[in-house]
Each structure stands twice: as structure tokens, then as C-alpha cells.
Amino acid sequence: MMPAGDRLAELEGRAAQRGARWSGHLREVARHAEHSRGAAVHGVLTRLVGTALEATGCQAAVGSRCIVSGDCNSRVETEVVGFSGGSLLLMPTGPMHGMMPGSRVIPSGRVFEAHVGEEILGRVLDGAGQPIDGAGPVNCDERLSLVPRTINPLSRAPITEPLDVGVRSINGLLTVGRGQRLGLFAGSGVGKSMLLGMMTRFTNADVIVVGLIGERGREVQEFVSEFLDSEARRRAVVIATPADYPPLVRTHGALLASSIAEYFRDQGCHVLLLMDSLTRFAQAQREIALGIGEPPVTKGYPASVFAKLPQLVERAGNGGTSGGSITAFYTVLTESDDPNDPVADASRAVLDGHIVLSRELAEAGLYPAVDIETSISRATGSITDARHGALIRKFRQLNAIYGQNRDLITVGAYARGADPRVDEAIDRWPEMLRFLQQDASRAVSLAQSVMALSSLFEPESEVLNDDNE
Ligand SMILES: Nc1ncnc2c1ncn2[C@@H]1O[C@H](COP(=O)(O)OP(=O)(O)OP(=O)(O)O)[C@@H](O)[C@H]1O
Ligand SMILES: [Mg+2]
């Protein structure tokens, strides 16, 4: 039998070992708790009204993901878009069938990241960055967050170089600079998408990122088959989140398109970003904000919508040291052709120019229906030479004079000789209209556009007609 002293020592040794083991466990638990601070294991769904969900009993940061598991193994991934008191406000990324009061809400601790790389060129992706073109998975290693990286405004390169977009009226009269952000404003069915399609095919850019946000699903297929020929496809990526996608996914489509454009810009590429449409992005943002209880302020739009627009648009533009650029066109729907629509108003204020399409021209079959009088490109003055600038001013003056006297001229009430400027506008008008029109399947380069403009007013210069374009 063991002496009492030895027995006591053995018991003390075991107790010390057990103590050490427990303090090890406790340290591990403490370390784990430290790392998962703010993310309780799971909470419960307490409210689902419209498109928004509310959960209590768990914590997660804004922008992070939670899984809600409902009836019959149904699960939906949600994102935290706000909080109120002790509740999390969530928006789903998919259909909400099977959700019920008390469904488990599990914070995943993840934030959304898309895979990017050269392999996405030529592909059609959804708002989650997943391919929807049936051409297999995208195998890229780099991950991209949707959160914008702010660029110091002083380190952005200025707009100094013109960009050839292949459309005569824009190249000639509203010359676009690399790194400029423009809006394409028009009512429905006036030709916004067609004009974007033309620019997708004809623009001289290294990479083209097209965001089809909140438009009809049918149009995605049409856009891809009509405007992405094999040449355009090699350098283009399409992000499509049609109208039937949840509002969060629609806004993510616009953010993802911007993040992808930034990714290529940071590699030194000249990127063309085309977004159809900024209005649908604003409407998706409105659905989210109203869903979580933000009050509407202007025509049903909550204030946060007008804060998100500049955040999105400011992502485009020239980069800093990379030498890359993002030139962006955002379509803006002017509801019932009302130019003072709040989204149109807010967009006009944050963009570097607006190209307005006229229903009158479209109804007369004059495409692209660019209304030169009301359109403006704020960079044109600094990227065109004096002669080109003078030609633009001349065109604009005659266009305005004709517009002011159109009624008199068409009813035959204008007497020739009354005003030599009106006489000149009447004489030049048919040629000016021809200059504005262009077949959607044919590109007109920047040089050809300027030459065609000069031939309008300087008859001795080489005349450029559609046959030798
Ligand atoms: N350049 C063009 N050449 C010939 N037809 C055109 C042109 N642009 C537009 N159209 C005609 O106008 C129709 C509507 O054009 P589009 O879909 O581009 O308009 P939209 O402004 O994008 O409309 P929505 O607001 O409904 O999206 C086209 O289906 C086509 O018939
Ligand atoms: Mg359209």
C-alpha cells in the first residue's frame, strides 16, 4: 500500500494537471469568443413584411450574411442591411418560401465576395458573380468585395484624352473623354439600350463591363446575342440582374459591375462601363430602404437613395497611378418624359454630362435620337481642338435657331430672307439631320465623325458619306 504522503502528492499532481487542462480549455474558449465577438450562435426570425426580415437574438455586422432556415429544409441567404434596437434588419438574396415565425437565423460571419480574373471576360454573370450563360464555372482565384475603395480626388488623373465610341453624333458633337461619366436620359422605348449596344460593339476600350440592372429578363438574351459578337465578347463581361431578382441582388449587380470595372482599371486597362439602368438601381435601393422603414422624402424615394447614387457613380473615372480609366455611361429613365424626375435630377448633378434622347426624333425614325440642344458633355471643351470646338458651336447654333423657328418653317409662315441665320439653318438642316442619323450596325470613328462635321460647314474639305465609312 502507498504511503499517505505519496498518495497525497499523487492527488495533488493530478489536480494540477486537471487544472492546467481546464485553464487551457478556458483560454481556447476565450480566444474563440474574442474572434467571434458580435456573432452569437443563432437568433430567430420575428418579422417578415414585404421584402424585409427582422431577427432577434443574434448579432452580425451590416453587410455580413445570415442564413435563415425555415420549414422543410428551406434556407435563404440574407444580408444585414441595418438594425433597430436589438433587432437585425435583413434582405434576402433569393425567394423566401418556407420562412416562418421563429425560423433560425444563423450569422455566417461572411461578407459577399465575387471571384474575378481574366476568365470572366466573355461571360454573363449574375449579381452574385455566378455564371448564368451555361458555359461552366468561372475559375478565378482573386476575390473582390463590393465595398468601394475611395480614391483621393487629388490623385485622380484629369480627363485629357478623347474616347472613340463609334457613334457619329456623340464623337462629333458631344466628344467623350476617357474617364468621363455620362448619363443617357430618355423616356421608355426611345433607344437607350440600342445606343448602349452600339457603344458596346464600337468603343475603343480594353475591357467593357455591362451591367443590366433591373431591366426585362428577355433583354439580357437579346443584348448578348445582338451586341456581343465574338470580337466584343473577348473583352466584355455582362452582369445581369433582371427585374424579377430581389432588390438586394439588383443593387449588388450594379456594385459588382463597378467593382469589376475597378479591378481591370487597377491593372492599367481602359474600361468602358455601361449600366442599364441607374434608375432601376435607385428603385431597388428604394425598395430596400422603404422595406426597412426609412421614410420617403421625394416622390417616394427615401433620402439614402440620393446618397447611394454619387457613391456608385464616383467609382468610375480615371484611376490614380495605375494609368487605367473607367469611362461610364449610365442610362436614366425619365418617367413620362419628365426631365425633372428626382432620380434624373440627382443623376444629372453627379455626372459629367448628359446625352438626352428625344422621343420626337425616335418617332420620326431618326436614330440614334440624340437631342443635341439639351445634351451636354462637360469634358468636350478640354479635349477638342479649337477648330473642332468652333464646328460644334456652329452646329449647336444652327440647331437651336432651327428649333426656335421650326413651327413657322413647317407651316410655311417664315419668309425667306427675313433672317440670314434662319435661312442658313433651313439650308443646312437636311444635312445636319443626316449627320445625326447612323445605322446601328455601322461604326463611325472619331476621325470620320470630325471630318463629317467639318464637311458640313467647310464644303471644300473631304465629304464623308455613308458609302466610304
Ligand atoms: N439606333 C436604332 N436604330 C433602329 N431602331 C432603333 C434604334 N434605337 C432604338 N430603336 C427602336 O426603338 C426600340 C426601343 O429601343 P430600346 O429598347 O433601345 O429603348 P429603351 O429606351 O432602352 O427602352 P426601355 O426604356 O423600355 O428600356 C427598339 O426596339 C427599336 O425598334
Ligand atoms: Mg432599355
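Every read-out reported here was derived from the displayed coordinates using simple, explicitly stated rules and does not represent laboratory data. Remember, it's a predicted structure, so these values are computed and weren't measured experimentally. Cβ placement follows ideal geometry from the backbone for every residue including glycine, while neighbour counts extend to all protein chains displayed.
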Residues whose modelled amide H sits under 5 Å from the amide H of Leu184, counting only those 5 or more places away in sequence or on another chain, are Tyr330, Thr331, Val332, Ile355
Note the full-extension length gain between Gln17 and Ala447 as 0.36 nm times their separation in residues minus their Cα-Cα distance, in nm to one decimal.
146.3 nm
In which sequence would Lys394, Lys308, Lys192, Lys299 go, from the one with the fewest C-beta neighbours within 10 Å to the one with the most?
Lys299, Lys394, Lys308, Lys192
Derived scalar couplings ³J(HN,Hα) [the range 217-229; Karplus, 6.51 cos²θ - 1.76 cosθ + 1.60; whole Hz; x for Gly, Pro]:
x, 4, 5, 5, 4, 4, 4, 5, 6, 7, 10, 9, 6
Per residue, the convex hull enclosing the Cα atoms of the chain spans a volume in Å³ of 207 Å³
How tilted is helix 303-313 with respect to the longest principal axis of the chain? Cα atoms for both, answer in degrees (0 to 90, nearest 10).
70 degrees
Just to confirm my numbers, what's the Cα centroid distance between the range 100-120 and the range 235-259 in Å?
16 Å
Express in nm, to one decimal, how much length is gained between Arg216 and Leu408 on full extension, taking 0.36 nm for each residue of separation and deducting their alpha carbon distance.
65.0 nm
Among Tyr414, Tyr245, which comes first, then next, by fewest other beta-carbon atoms within 10 Å?
Tyr414, Tyr245
Checked the range 196-278 against the a/c 1.5 cut and the a/b vs b/c comparison, axes a ≥ b ≥ c from its Cα gyration tensor; verdict oblate
Whole-number D in µm² s⁻¹ for the range 125-182, Kirkwood Cα-pair radius fed into Stokes-Einstein, 10 °C, 1.306 mPa s:
103 µm²/s
Suppose R0 equals 30 Å. What FRET efficiency, 1/(1 + (r/R0)^6) with r the Cβ-Cβ distance, do Glu119 and Val62 give to the nearest 0.05?
0.45
Give me Thr160, Thr384, Thr327 ranked fewest to most by other Cβ atoms within 10 Å of their Cβ, as a rough exposure proxy.
Thr160, Thr384, Thr327
